[in-house]
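What follows is one structure encoded as structure tokens, with my remarks underneath.
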Amino acid sequence: MKTALDLLKEVTNLGFDQHKTLVRIDKILDKMLGIESRKPLLDERLPDDIYVNILGIFTEETKDRRI
């Protein structure tokens, strides 16, 4: 499993703004995991399916921007 920080780094490498990406990832994870069970980004380990799903959202957006 990778951390939420790994996800943030990977998404920003796609060209997204770090602050805006952090806010979006945070909101998505709050909904998926529940706000009360969240940990700091460095410590928050994400199941592979959640990691891949969120990364896919941003990857699709990069494809849409190129069209």
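All of the numbers you see were taken from the coordinates with simple rules; none came from a lab. Predicted model, so just to flag it, every value in this text is computed and none were measured. Ideal geometry is used to build each Cβ from the backbone, glycine not excepted, and the neighbour counts take in all protein chains shown.
Observations on the structure shown:
- Consider the range 1-46 and keep the residues that are part of a helix (DSSP H, G or I) and among the small types (Gly, Ala, Ser). The one that is farthest from Glu61 (Cα to Cα) is Ser37.
- If you go through the range 34-58 and keep only what is loosely packed, with under 14 Cβ neighbours inside 10 Å, under 17 Å from Glu10 (Cβ atoms) and not aliphatic (A, V, I, L, M), you end up with Arg45, Pro47, Asp48, Asp49, Asn53, Gly56.
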